[in-house]
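Readers should treat all values here as calculations from the given coordinates under stated rules, not as data from a laboratory. Remember, predicted model here, so these are calculated numbers, not experimental data. With ideal geometry, Cβ positions are generated from the backbone for all residues, glycine too; neighbour counts draw on all protein chains shown.
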Amino acid sequence: MGIDFLPDKPIYQQLIDRITGDIIRGTLKPGEKLLSVREYAIEAGVNANTMQRVYKELEQMEITETRRGQGSFVTEDEAKIARLRDEMKEQLVLSFIQSVEELGFTTSEMIQHLQKRGGKND
Amino acid sequence: MIELKNVSKKYGGRKALEDITLTLPQGKMIGLVGENGSGKTTLLKLMAGLLTPNSGTALFGGKRITRTIATNIAYMPDADLFYPYFTVRQLFAFYESQFADFNPIKAKEIATFLNVSLDSKIKQLSKGNRGRVKIAVTLGREADYYLLDEPFSGLDPMVRDDIAKGLIRFTDSGRQTVIMSTHELKEVEPLLDEIVVLKGNRMIAYEAVDEIRDVYGKDATSWMVSLFREGSSNGE
């Protein structure tokens, strides 16, 4: 029903990741209105309390803002979105380094390899 | 608020529930899980006032739950409950005559949302559509608590999805509580705030879903399986 969730992370956290992902990708634009809590809950197949928590945390992270009587909107503050992108980049790199080290590669070896192959995704 | 204090229930000499103490707050979606015969239906019926405990007390808003106080509590049984010769419209009219809190406008809105025609005869509906109608008449009541016995069981994925969406759409998560027994925990977990686990007619756990994932790093289904394993390795 709705979205498939990973087993080892709270569902509200996965929904926050999903929405911040949409903002970073640009599927959700600065200033764009989010679905209402209930609409999003129905679409995601989660209960409305979970969705309420997601919206509250996004607002606390200053990624969205609630306008009274109108709903939630993505921030128009580009600096905040840039910060979000940087945080996401850092997270990705961190988990990459972790798996690289787990397998016994060195980071410089991996950087060299990345430079050689470029960013082609095939 | 529904409160159970040391509630036990027997059918003849057979124990159905033993010493259940549990407070179910307003505004939550709660899953009730456990093996067949663990007491899920009995627990729901005690809360609905359809059964009385042999010992202990079952309270709603501080008052003992009886068949008449249970007007704030809507119970949906596992079985088909309909008069087969009724149309959906007639069934709604019947419910309106039986339950003061039945809101025919809401029930029709739910039926429309679930694509069930009001003029269909119940006996001509598919099993899936009968499941949809059952949800419509149950949520059509403006109750504080909805007690649903296996709302998803035996229905195909599309119907299950519709019923899940109907539950999210037509209950007020700030005020109303839904308690549903289920064997489809994996599928239902995203709908739930909390889970009550029964085993051998006792309650062995009552946890928030977010907590389970946060603290144990696993989903509700694996958590439940590990609970059952622990129980049996302790020589139960």
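Taking beta carbons within 10 Å but only from partner chains, what does the mean come to for residues B:217-223? Working shown, then result.
Values: counts 3, 2, 6, 1, 1, 2, 1.
Across B:217-223, the average partner-chain Cβ count within 10 Å equals 2.
Within 10 Å of each Cβ in peptide B:160-170, how many partner chain Cβ atoms are there on average? Round it to a whole number, please. Working shown, then result.
On the way: counts 1, 3, 1, 1, 6, 6, 1, 3, 15, 5, 1.
Averaged over the peptide's residues, the number is 4.
Given an 8 Å cut-off on Cα distances and at least 6 residues of separation, report the relative contact order of chain A as a percent. Kindly include the intermediate steps, with their values, before the conclusion.
Working: 95 pairs, mean separation 27.5, N = 122.
Relative contact order for chain A comes out at 23 percent.
Counting only other chains, and only Cβ atoms inside 10 Å, what mean value do you get across the residues of A:34-45?
That works out to 3 on average.
Can you give the angle from 0 to 90° between the axis of helix A:78-102 and the longest principal axis of chain A, with both taken from C-alpha atoms, to the nearest 10?
Roughly 40 degrees, rounded to the nearest 10.
Report the semi-axes of the equivalent ellipsoid for chain B in whole Å, largest first, where each axis is √(5λ) for an eigenvalue λ of the Cα gyration tensor. If you can, show how the numbers build up before the last one.
Numbers: eigenvalues 179, 87, 53 Å².
Three semi-axes, in Å: 30, 21, 16.
Tell me what chain B gives for mean residue ellipticity at 222 nm when only DSSP H runs of n ≥ 4 count, each as -39,500 (n - 2.57), the sum divided by the residue total, rounded to 500 deg cm²/dmol. Show your work: numbers first, answer last.
Numbers: 8 runs with 83 residues, N = 236.
My calculation for chain B gives -10500 deg cm²/dmol from helical runs alone.
With springs only between Cα atoms under 10 Å, which of A:Leu103, A:Leu15, A:Leu35 fluctuates most in a Gaussian network model of chain A?
A:Leu103
Can you tell me the equivalent ellipsoid semi-axes for segment A:1-87? Use √(5λ) from the Cα gyration tensor, largest first, whole Å. List each step's numbers first, then the result.
Details: eigenvalues 83, 50, 23 Å².
Semi-axes (√(5λ), whole Å): 20, 16, 11.
I need the per residue convex hull volume for segment B:193-236, using only the alpha carbons, in cubic angstrom as a whole number.
Normalising the Cα hull of segment B:193-236 by residue number yields 63 Å³.
Could you tell me how many cubic angstrom of Cα convex hull volume the protein assembly as shown has per residue? Mind showing how you got there, number by number?
Working: hull volume 65.1 nm³, N = 358.
Cα convex hull per residue, to the nearest whole number: 182 Å³.
Give the range of the longest stretch in chain B that excludes all trypsin sites (Lys or Arg not before Pro) found in loop regions by DSSP and having at most 16 other beta-carbon atoms within 10 Å.
Details: sites that count: B:Arg67, B:Arg175, B:Lys218.
Counting at most 16 other Cβ atoms within 10 Å as exposed, the longest clean stretch of chain B is B:68-174.
Taking the C-alpha atoms of segment B:1-123, how large are the radius of gyration and the largest Cα-Cα span, Dmax, in Å?
Taking only Cα atoms of segment B:1-123, I get Rg and Dmax of 17.0, 47 Å.
Can you find, among B:Asn36, B:Thr52, B:Thr87, the residue farthest towards the positive end of the dipole of segment B:36-120? Put +1 on the C-beta of Lys and Arg, -1 on that of Asp and Glu.
Positive-most Cα among the choices belongs to B:Thr52.
List the GluC sites (Glu not before Pro) in segment A:1-67 that DSSP assigns to loop (not H, G, I, E or B) and whose Cβ has at most 12 other Cβ atoms within 10 Å. Which are they? Don't skip to the end; give the middle numbers.
On the way: sites: A:Glu32, A:Glu39, A:Glu43, A:Glu57, A:Glu59, A:Glu62, A:Glu65; in loops: A:Glu32, A:Glu62.
Loop-located and lightly packed - A:Glu62.
From zero outward in steps of 5 Å, how is the percent of C-alpha pairs of segment B:1-49 spread across the bins?
5, 18, 29, 29, 13, 5, 1, 0
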